[in-house]
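The values are calculated or read from the model by the stated rules, or taken from the named source; none is laboratory data. On a predicted model such as this, the values are computed, not experimentally measured, just so you know. No Cβ is skipped: glycine too gets one built from the backbone with ideal geometry, and neighbour counts run over all protein chains shown. When the accessible area is computed, the model is the full protein with side chains, heavy atoms only, and any ligands, DNA or RNA have been set aside. Shrake-Rupley method; radii C 1.70, N 1.55, O 1.52, S 1.80 Å.
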Amino acid sequence: MTLPHDTKITPDLVKQHGLKPDEYERFVKLLGREPTLTELGICSAMWNEHCSYKSSKKWLKTMPTTGRHVIQGPGENAGVIDIGDGDAIVFKMESHNHPSFIEPYQGAATGVGGILRDVFTMGARPIAAMNALRFGEPSHPKTRHLVSGVVHGIGGYGNSFGVPTIGGEVNFHPRYNGNILVNAMAVGLARADSIFYSKAKGVGLPVVYLGAKTGRDGIHGATMASAEFDDHAEEKRPTVQVGDPFTEKCLLEACLELMASGAVIAIQDMGAAGLTSSAVEMGAKGDLGIELDLDRVPCREAGMTAYEMMLSESQERMLMVLDPSREKEAEAIFRKWGLDFAIVGKTTGTLRFVIKHRGQVMADLPIKQMGDEAPEYDRPWVPPKTQPVLKDVPAPNDLKAAILKIVGSPDMCSRRWVWEQYDSLIGSNTAQIPGGDAGVVRIRGKKAIAVSTDVTPRYVEADPLEGAKQAVAECWRNLTAVGADPIAITDNLNFGNPERPEIMGQFVHAIKGLSEACNALAFPIVSGNVSLYNETNGQAILPTPAIGGIGLIADLDTMATIAFKNADDAILLVGCHGSHLGQSIYLREVLGKEEGAPPPVDLGVEKKNGDFVRKLIRTGQLTAVHDVSDGGLALAVIEMAMASGLGAALSALTHEQLFGEDQARYVVTTRPNNAAVLLAEAGKAGVAVAQVGTVTSEATLKISGGPSITVAELRAAHDGWFPAYMAGEL
Amino acid sequence: MKSAVVVFPGINRERDMMLALESVTGTRPVSVWHTETELPKVDLVVVPGGFSYGDYLRCGAIAARSPIMQDIRAKALKGLKVLGVCNGFQIITEAGLLPGVLVRNKDLRFVCRRVKLKVENNRTFFTNRLAKGAVVSCPVAHGEGNYICDPDTLKRLEGDNRVVFRYAENTNPNGALNDIAGIMNEAGTVIGMMPHPENMIEPLHGKTDCRPLFESLLAA
């Protein structure tokens, strides 16, 4: 066989493709000859960190991924869980960090597009989207531009596509100055008995290309996302794809229509590494070869080379293996939606990945070794240094000023400026919009799901193991706080350069923490994504294992919300009084320090307290519920007051009790005549519950022996920061 | 009350609209695809919200020139009732069924929030169950809902009582002229509005303020 070796493969070229010399040697040995340029490109696309998980795979395998609700765990386009009545929820979270830093609008938009595609590729109609965003410090010259572009991009894609964005997170920290994080999550609804998979079945079947045309955008995107940035990051702008939500919406409708017709045998979306990755995955999973004829690939421009077509990351494309007897029917559906439909190849029994273009074989590679048998590393790691537990953190000089500062700080202020740019209502099923503990969407009748994304990166930085446990626990708690049964999670593990043993140590400990928490809370991981090399000039981001959780609400009539409902309701703290101020918002915003150990997570107490709160919600005993997290008890109560327009009279509390970020805690309210009953039930269940105050009709926060602050003052501080910052007034 | 909901590629609130129509009127609307050339026999045509053709050229401009719109325009001129919501308002305005145009929101950002709508004219097929001057809550979700027109048109709209809905209590989300949220044609048979009443009709939506709008269809 002759292949066109028209480009000499030099060590420099290998380096440009992100392959290490030993990886290239391994590739040459595998082929038994020097690769063609197209083959080198395919190898770089498949063996990079983003696609191969080569540094993380060893550790990911140790995580709990099974449970009674799990239909499909990690390894497919998205995870699938059973929520009864024949319904399944398909969901995943994925990062688009590197492209969003280089080109925030398109980077974020295509991040949303990619994750939506992952979900509908499996046969699910997307019913909710969420996101977890981290930006550099507000004073950094790029931050405002990045926030504006990312938020605009997420809205621009999701709103047009037509999925409600029902929540998310936005945080600022100097450690994200050079690498922002854009993690997008999508949730879809499918029938449990009609889930579609990427594993190809059957030899000699048509491989069909669907959706948008292939262009020159996004070439080497996945390779770019597998390296650190330096001062020239912006030169990588051509590697960012351009999104077209209109085509994606048409692709969704066409795919669902085609799936319902029964013609689809296997389906894979073209995400990172485009045609290469989708074809290799379908073949490798099905133990089949794939042969592609690139002359048949619909192209946006003439004269594209095999190399360009195989590495393009043009969006809104799908690859399918079809039942050959249904070709005509399938084509008609795609034509109806104005989309391209082309038979570009076939499945073979050879286990080879063969690419033909203009009558020449441009690549002939062993498909298994390119896909699921890609290199795997056991990278050296050192246990992270932990920090001492802080004692005797001083009280504020002026409690009122401290509270107002925290309420109006960049990380704690209202995110209304952000989420009002997302359509949170489309679908007519949104039961809780952003601003509460979790987003809630109805499935049908009284049945709904709750969704929350969580992680507190400063905790993970201070102690990756406890911090990762906390991320899972907080997600579980947020779902519990709306009255949902937490079911399963997706994770998006964002870290620095894994070739540095201290970063790898963070990763290993975080995985350990996640696993412990998921096991203890019966909260398995069914899908996820790893984003490494989030570093610029040697400075890594805070380790950020973002968790996206799904919970089930069987009866929407018992759903809880954070707003106070009635004056005179008793305000109760579930869980012990706060004492832990290490890594707290109070410490950072008021005392200007970020130090100490994060609050420890006792998963047993977490479960006991959460189960207790959920039972109270189900039995109709609670009028409002809010989890206690950043800012402690004080912020939880203030947020409940601001959401309602009612006030609160709190008993005398120390600054540790007000601001401590101890875990496994909730603030709940109950009718005054039920408080004693509730306290007695708590005693029986062995759950610490104490009354800390009363809801007042006067819209003021009063702390016994301390200051009074009107809800209007609190709202002004809370609502003010974001719009003023974005308008350039700060 | 028989209705049809028109679907163009990129429209995405057709399900919400069909759900609202069915739940209030009790009759499931017919879905009409944009390439069809003739409407089925119905009492009302609704052009729902979304991003027809991605809103890539100018909101509603491409959809306004699709085959089904020719028939809708012809029948509207003969008195068929037409309701355009959000992108639908933009489409029927582009099709010449209503005067004026909808441009980018004043602050150039998409906005999804609850606003207050004042019913300025309650003698229409979509408002007859509400009192004149009634104020209802209703969500908006759009990036280009800023209604503008020339001074003469504005004078006629106001003078002929053709402003059906106005944003009230300082909740104008987009900078629209005279706080205009919805208007009708001279005959009162074509209504266009930016807000989404279909997203505020049941307790799940927080309020049911817009249910009477759909109930009005039964009396009309």
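Worth pointing out:
- Against the test of being of a type in the set (Asp, Glu), on the phi < 0 side of the Ramachandran plot and within 14 Å of chain A (Cβ to nearest Cβ), the options B:144, B:215, B:158, B:186 yield a single qualifying residue, B:144.
- Residue A:340 over 30 Å from residue A:652 (Cα atoms) and in contact (Cβ under 8 Å) with a residue 60 or more places away in the chain: yes
- Residues located in region A:413-423, provided they are outside any helix (DSSP H, G or I) and within 14 Å of chain B (Cβ to nearest Cβ): A:414, A:415, A:420, A:421, A:422, A:423
- Of all residues in region A:534-547, those satisfying the criterion of being surrounded by fewer than 24 Cβ atoms within 10 Å (Cβ to Cβ) and either under 20 Å from the mean Cα position of the chain (by Cα) or of a type outside the set (Val, Ile, Thr) (or both) are A:535, A:537, A:538, A:539, A:540.
- When residue A:193 is tested against (1) buried (at least 24 other Cβ atoms within 10 Å of the Cβ); (2) more than 14 Å from chain B (Cβ to nearest Cβ); (3) at negative phi, only condition (1) is not met.
- Test: residue A:522 is touching a Leu at 6+ places or on another chain (Cβ under 8 Å), surrounded by fewer than 22 Cβ atoms within 10 Å (Cβ to Cβ) and either among the acidic types (Asp, Glu) or in a loop (DSSP other than H, G, I, E, B) (or both): no
- Enumeration of residues in region A:88-109 that are closer than 22 Å to residue A:526 by Cβ, hydroxyl-bearing (Ser, Thr, Tyr) and over 17 Å from the mean Cα position of the chain (by Cα): none
- Within region A:338-349, the set of residues being modelled with pLDDT of 95 or more and either open to solvent by 30 Å² or more (accessible area, probe 1.4 Å) or farther than 19 Å from residue A:212 by Cα (or both) comprises A:343, A:346, A:347, A:348, A:349.
- Members of region A:289-337 that are aromatic (Phe, Trp, Tyr) and either in contact with a Ser or Thr (Cβ under 6 Å, 6 or more places away or on another chain) or open to solvent by 60 Å² or more (accessible area, probe 1.4 Å) (or both): A:307
- A count restricted to region A:604-613 and to residues that are open to solvent by 20 Å² or more (accessible area, probe 1.4 Å) and either more than 25 Å from the chain's Cα centre (by Cα) or within 20 Å of residue A:405 (Cβ to Cβ) (or both) stands at 4.
- Test result for residue A:389, at pLDDT 95 or above and part of a loop (DSSP other than H, G, I, E, B): yes
- Considering only residues in region A:138-157 that are within 10 Å of chain B (Cβ to nearest Cβ) and under 19 Å from the mean Cα position of the chain (by Cα), the one that is surrounded by the most Cβ atoms within 10 Å (Cβ to Cβ) turns out to be A:151.
- If the condition is being more than 28 Å from residue A:395 (Cβ to Cβ) and open to solvent by less than 50 Å² (accessible area, probe 1.4 Å), then region A:567-603 contributes A:567, A:569, A:603.
- Residues in region B:30-56 that are more than 14 Å from residue B:9 (Cα to Cα) and surrounded by fewer than 23 Cβ atoms within 10 Å (Cβ to Cβ): B:30, B:37, B:38, B:39, B:40, B:41, B:42, B:43, B:44.
- Residue ranges of strands (runs of 3 or more DSSP E) in region B:1-115 with at least 2 members within 14 Å of chain A (Cβ to nearest Cβ) and not hydroxyl-bearing (Ser, Thr, Tyr): B:3-7
- Residue in region A:52-64 that is open to solvent by less than 30 Å² (accessible area, probe 1.4 Å), out of contact with any strand residue (DSSP E or B) (no Cβ under 9 Å at 6 or more places or on another chain) and either closer than 22 Å to residue A:499 by Cα or of a type in the set (A, V, I, L, M, F, W, C) (or both) present: yes
- Qualifying position, being in a strand (DSSP E or B) and either at pLDDT 95 or above or closer than 30 Å to residue A:232 by Cα (or both), among A:487, A:511: A:487
- If you go through region A:704-715 and pick out every residue that is touching a Ser or Thr at 6+ places or on another chain (Cβ under 8 Å) and closer than 16 Å to residue A:657 by Cβ, you end up with 1.
- Test: residue A:25 is surrounded by 22 or more Cβ atoms within 10 Å (Cβ to Cβ) and of a type in the set (Asp, Glu): no
- Filtered residues of region A:166-180 (kept if open to solvent by less than 10 Å² (accessible area, probe 1.4 Å) and within 15 Å of residue A:94 (Cα to Cα)): A:180
- Of all the numbered requirements in (1) at pLDDT below 95; (2) part of a helix (DSSP H, G or I); (3) of a type outside the set (Phe, Trp, Tyr); (4) open to solvent by 40 Å² or more (accessible area, probe 1.4 Å), residue A:373 misses one, and that requirement is (2).
- If you filter region B:160-217 down to residues that are in contact with a Gly (Cβ under 6 Å, 6 or more places away or on another chain) and among the polar types (S, T, N, Q), you find that the one that is most open to solvent (accessible area, probe 1.4 Å) is B:189.
- If you go through region A:626-638 and pick out every residue that is under 15 Å from residue A:475 (Cα atoms) and either surrounded by fewer than 24 Cβ atoms within 10 Å (Cβ to Cβ) or of a type in the set (A, V, I, L, M) (or both), you end up with 3.
- Residue within region A:430-452 that is open to solvent by less than 10 Å² (accessible area, probe 1.4 Å), over 22 Å from residue A:83 (Cβ atoms) and within 18 Å of the chain's Cα centre (by Cα) present: no
- From A:584, A:531, residue being within 23 Å of the chain's Cα centre (by Cα) and away from chain B (no Cβ under 14 Å): A:531
This table checks each residue for (1) within 14 Å of chain B (Cβ to nearest Cβ); (2) touching a helix residue (DSSP H, G or I) at 6+ places or on another chain (Cβ under 8 Å).
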residue	(1), (2)
A:360	no, no
A:370	no, yes
A:385	no, no
A:402	no, yes
A:405	no, yes
A:411	no, yes
A:425	yes, yes
A:434	yes, yes
